[in-house]
Amino acid sequence: MERVEDFESFYNIKIKPWLDELDQEKLSAQNWKKFTIYTGAGAFGCALLYFLKLFPIGHILAAGMLLMCVTGVYFSARYSDRYIDDFKEKIIRQIITYIYPAAVYKPMGYISNKEYRKSGLYRRRFTHFDGDDYWQSVFNGVAFRCSEIKASYSDLAGTENIFKGLFFVAQVNSALRGGTYIWIKGKAQLPSSMADEHYRMYPLPKVVRMNIKHEQFNKNYSVYTTSPDEASLILSYHMMDHMLLIREKLDKEISFSFVAGKCYIAVPFEENLLEPSGKGVRDKAEIKNYFYTILLVFNIIRRMELNRLA
């Protein structure tokens, strides 16, 4: 894995050559968006003046400008999509493969809802599930994959956001067959009624509360497991220390689980992590943010010493 200290060289060699092209694509998308707004406003204004009998040919101009507005919508979406696609290929892919050349990156891919449900980290049933920026690799002998995920539930009462952020899956040891769930204190994914269990939540194996002899960990997390012996093997005092350190450094309510030989980690983020920012691609600070977001996954693997469980 490349050294972060060499970010300046990476930026100059891998990112800088693409800046002019990306700037031009962004400008084209912005110009078409302005064109769409102006022609839409013009169509509305001409139609209004016609109905007020202040502009006899207003309906003709309104129709023409409406047609131009539709054309603007098409090209605005087309150039915006092109800019985002090229941003992913020429910025995000460059960062990922620079940090770890063997990584596989799929900009429009994401972790499956089957794995999300299997993790038990967020059991609330969802009606909408998607994501993007899937990538996978092997680090310290641990095969992992991750992506951004967005899950929500909608009905007549409105929309409930369930999870939005970085979702991570690592293969640790197929000999670990149980399920151990490390939920945020006060947010254990347990039903409050039979109706919750059958209608609001996805299934979970029968679990028991585990008494953790780590005072600070108990203040932040509740641990439930199908196998206390297996959970004791996984949750060493050292690993719990590092889980707390990761949570403190990121200042995020991170959840963990170990299910059927896999480690699942959910890191909530409000912002879209690997999307173009309003500041543009010439903002080095934003590029460095993408850099550190991707490094975050490697740091979690190293901090938690997941290779110890392999």
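Some points to look at:
- Counting only strands (runs of 3 or more DSSP E) wholly contained in segment 192-297, the ones carrying 2 or more residues that are touching a helix residue (DSSP H, G or I) at 6+ places or on another chain (Cβ under 7 Å), modelled with pLDDT of 85 or more and closer than 19 Å to residue 149 by Cα occupy 255-259, 262-268.
- Checking every residue in segment 184-204 against the condition of being in contact with a Pro (Cβ under 7 Å, 6 or more places away or on another chain) and β-branched (Val, Ile, Thr) gives zero matches.
- Screening segment 1-120 for helices (runs of 4 or more DSSP H) wholly inside it with 2 or more residues that are of a type in the set (D, E, K, R) and surrounded by 15 or more Cβ atoms within 10 Å (Cβ to Cβ) returns the ranges 19-51, 113-119.
- Residue match in segment 288-299 (condition: buried (at least 16 other Cβ atoms within 10 Å of the Cβ), of a type in the set (A, V, I, L, M, F, W, C), touching a Cys at 6+ places or on another chain (Cβ under 9 Å) and within 30 Å of residue 10 (Cα to Cα)): yes
- For segment 121-131, a tally of residues being surrounded by 16 or more Cβ atoms within 10 Å (Cβ to Cβ) and without any contact (Cβ under 8 Å) to a residue 40 or more places away in the chain returns 3.
- Number of positions in segment 155-176 that are in a strand (DSSP E or B) and over 20 Å from the mean Cα position of the chain (by Cα): 2
- Looking across 151, 170, one residue alone is surrounded by 12 or more Cβ atoms within 10 Å (Cβ to Cβ), modelled with pLDDT of 90 or more and over 24 Å from residue 244 (Cβ atoms). It is 151.
The values are calculated or read from the model by the stated rules, or taken from the named source; none is laboratory data. Note that the structure is a prediction, hence the values are computed from the model and not measured. FYI the Cβ positions are ideal-geometry reconstructions off the backbone, even for glycines, and counts take in every protein chain you see.
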